[in-house]
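Visitor: Please find one structure pasted underneath; my questions will follow.
The values are calculated or read from the model by the stated rules, or taken from the named source; none is laboratory data. Keep in mind that this is a model prediction, so the values were computed, not measured. Because the Cβ atoms are built from the backbone with ideal geometry, glycine has one as well, and the counts that use them run over all protein chains shown.
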Amino acid sequence: MEELPLEQVRTLLAVVDEGTFDAAAAVLHVTPSAVSQRVKALEQRTGRVLLMRTKPVRPTESGQVVIRFARQLARLELDARTELGLGAAGGPVPVRLPIAVNADSLATWFLPALTRVPQDPPVCFELYREDEAHTTALLREGRVMAAVTSSPDPVAGCTVRPLGLARYLLVASPAFAARYLTGRLDRDLPGAPLIVFDRRDALQDAYVRGLTGGAAGASPARHQVPTSEGFRDAVAAGLGWGLVPQPQAEPLLASGALLALAPRRPLDVPLYWQQWKLDSPALALVAGVVAQSAREALRPV
């Protein structure tokens, strides 16, 4: 394939980031016609459709490859400028690192990990909250440089390393258990109301299938609570049962606000760190700090 002209690649990135050709033109200080011509020329050069002309525009699968290349190129350029001392007149330009992370990690061990990252040069984090089973989609789209994920299969152009096991405990309030879970757990749990994070949260359904050995999941009577802390509080309030991260559950178990329904049957979710194959000092530094913090906070694989 012929080389990819940098002007066209950067124009495609601007269109995706800004959402429309007109907005990209304003950012690039050119006409919308010029933006359209550059994108069309890049599509002709690659022999692929790179954008879906929706509002906002969306990259195709091939477009995601080019977008990821554009972001990596921008990252390398910024790293080079930083090392050469070509930052802003007022001081070094902060390094911006977009990272996808699941809500439970964000609420427990991940933020303390980021506080360990040295700030010379300064590093700014742009965090995208996403379910651990879906964070890799943001890597494929080129929207993030790294992700905490439950997938051990590396995204194209990425490396993967294990972080550890996040342990979840099956819990409910004592009043909820007394009302709904008075017999055998494998019989009562599938019909009891539960808490889920969102419509894509399949953790509770997987637990029920493992408990019963059947194909059916948990009850359709479920409350959606889209924050990690809110999920825990909803379980403690007695709205339903749920799988709560061990660090969040233990204080409430000790106080009696929560009851462990199956203390010998926790659920361990493997977590991995995926990142671009990119020689970026800032990214390598953050990856090392995150891995060390995960070793301290998570269970070994």
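Visitor: Working only within segment 2-17, note down all residues that are among the charged types (D, E, K, R) and farther than 13 Å from Gln44 by Cβ.
Guide: Those that are among the charged types (D, E, K, R) and farther than 13 Å from Gln44 by Cβ: Glu3, Glu7, Arg10, Asp17.
Visitor: State whether the residues of segment 107-120 include one that is of a type outside the set (Asp, Glu) and touching a Leu at 6+ places or on another chain (Cβ under 6 Å).
Guide: The answer is no, given that none of the residues of segment 107-120 is of a type outside the set (Asp, Glu) and touching a Leu at 6+ places or on another chain (Cβ under 6 Å).
Visitor: On to the next question. Keeping to segment 285-301, report how many residues are small (Gly, Ala, Ser), farther than 23 Å from Tyr168 by Cβ and more than 16 Å from the chain's Cα centre (by Cα).
Guide: Total satisfying the criteria: 1.
Visitor: Determine whether Gly90 is on the phi > 0 side of the Ramachandran plot and either modelled with pLDDT under 90 or surrounded by fewer than 20 Cβ atoms within 10 Å (Cβ to Cβ) (or both).
Guide: Considered against the rule, which asks whether it is on the phi > 0 side of the Ramachandran plot and either modelled with pLDDT under 90 or surrounded by fewer than 20 Cβ atoms within 10 Å (Cβ to Cβ) (or both), Gly90 comes out as no.
Visitor: Turning to a different aspect of this structure: Please note which helices (runs of 4 or more DSSP H) are completely contained in segment 109-187 and include at least 1 residues that are of a type in the set (A, V, I, L, M), free of Cβ contacts under 8 Å to residues at least 40 places away in the same chain and surrounded by 16 or more Cβ atoms within 10 Å (Cβ to Cβ).
Guide: Answer list for segment 109-187: 135-140.
Visitor: Separate question: Give me a count of the residues in segment 199-242 that are touching a Ser or Thr at 6+ places or on another chain (Cβ under 9 Å), of a type in the set (Val, Ile, Thr) and more than 14 Å from Phe176 (Cβ to Cβ).
Guide: Residues in segment 199-242 being touching a Ser or Thr at 6+ places or on another chain (Cβ under 9 Å), of a type in the set (Val, Ile, Thr) and more than 14 Å from Phe176 (Cβ to Cβ): 1 in total.
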